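Coordinate-derived values only; no laboratory data. Quick caveat, the model's predicted, so the values are computed rather than measured. Positions of Cβ are generated from backbone atoms using ideal geometry, with glycine treated the same way; all protein chains shown enter the neighbour counts.
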Amino acid sequence: MKVFATQAELAAELDPLWSSAARISLVPTMGALHEGHLSLVRLCGPCDVRIVSIFVNPTQFGLNEDFARYPRTFEQDVELLEHERVDFVYAPSVEDMYGRRAKITVDPGDMGRIWEGAVRPDHFAGVLTVVLKFLQRVKPDVAIFGEKDFQQLTLIRAMCAAFDLPAQVVAGKTLREADGLAMSSRNRFLKGSEREQAGQLYQALEYGRELFAGGERSLDVLREGMRSKIAPGIQIDYLTAVETERLAEAERVTDHARLIGAIRIGSVRLIDNLAVTDITEEPATA
Ligand code: PAF
């Protein structure tokens, strides 16, 4: 496995591959890798060249967010990826990524200003811009993203369609702990009883799915039902059902809806989602 720190080194290695029949896959990450990331890497199996990028992207963090304390475990990440038989790791510096170029960014549009975007202004402009740059630099045939960040995944698909980007976007299922908590690099910041409370987000989404399976189609009833599963004192940023294309709420919830939620526990913000009809999705431990 080779590790590249600059676009120039990466391009020198990939240049002969771009003009060959080799299929290239990319898993973009911010490092602090866990089983969830590794499950995305495993989806690259059929590709000839497997690339993972590691870059804690400053432009997707707001001023009061956790950029400085975002976990950085580079050596361990590299070891894990070596074990997964990844071919190349691209871990650029901020300078290599953005340099002194003019700050031109991707506008995520209205869909980038709701839910996560309402709480984190500029977040999706940062995400889409860096993902676009990675897609341009790596030119993968397949790019793999986790379903856990469902709005991010939806926006990346929408960007690829809007800009005619050739990469096929593949989604990987969310991996969960035994109580359903979605795996996330930020879970390590949950202290003591916070870790126990964190399971409530999945339990609330799961309850929404049960209500749906029992025939409930009213958005208000689903929303209230899910909220009732979150203990008083825990801040709910949103907990609702949206349709999966435009992420808009509709009074009558359909089979294509997604239950989405974000809550705050201590200093940690947790997000998660479930398909209303996905009855096969059991909590999966690594
Ligand atoms: O999901 C993430 O880890 C990041 O948002 C991504 C897609 C790597 C862009 O920085």
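Miscellaneous remarks
- Listed residue pairs exceeding 30 Å between alpha carbons, taken from Lys139/Lys191; Lys148/Lys191; Lys103/Lys191: Lys139/Lys191; Lys103/Lys191
- Choice from Ala204, Ala91, Ala11 showing the highest fluctuation, given a GNM over the chain with Cα pairs closer than 10 Å: Ala11
- Reachable aspartates and glutamates from Lys229, criterion Cα separation under 18 angstrom, eight or more residues apart if same chain: Asp179, Glu194, Glu196, Glu206, Glu210, Glu216, Asp220, Asp237, Asp272
- Note: relative contact order over the chain, using C-alpha pairs below 8 Å and six or more positions apart, is 17 percent.
- Centroid-to-centroid separation of the range 62-86 and the range 206-228 [C-alpha atoms, Å]: 36 Å
- The range 96-174: C-alpha gyration tensor shape, a/c 1.5 cut-off, then a/b vs b/c: oblate
- Dipole of the chain computed with +1 at Lys/Arg Cβ and -1 at Asp/Glu Cβ about the Cα centre; of Phe163, Val41, His83, farthest Cα towards the positive end is Phe163.
- Antiparallel %, DSSP beta bridges [both residues in the chain], to 5: 50 percent
- Peptides 179-192, 129-142 ranked from most to least packed, by the mean per-residue count of other Cβ atoms within 10 Å: 129-142, 179-192.
- Fully extending the segment from Glu251 to Lys2, taken as 0.36 nm per residue of separation minus the present Cα-Cα distance, adds 84.5 nm.
- Within the same chain, aspartates and glutamates fewer than 8 places from Lys2 are excluded, and of the rest, those with a Cα less than 19 Å from its Cα are Glu13, Asp15, Asp48, Glu75, Asp77, Glu79, Glu82, Glu84, Asp87, Asp96.
- In range of the label at Arg186: residues from the range 228-244 whose backbone nitrogen is under 15 Å from the point 7 Å along Cα→Cβ: 235-239
- Shown here are the Rg and Dmax of the Cα trace of the chain, at 19.1, 58 Å.
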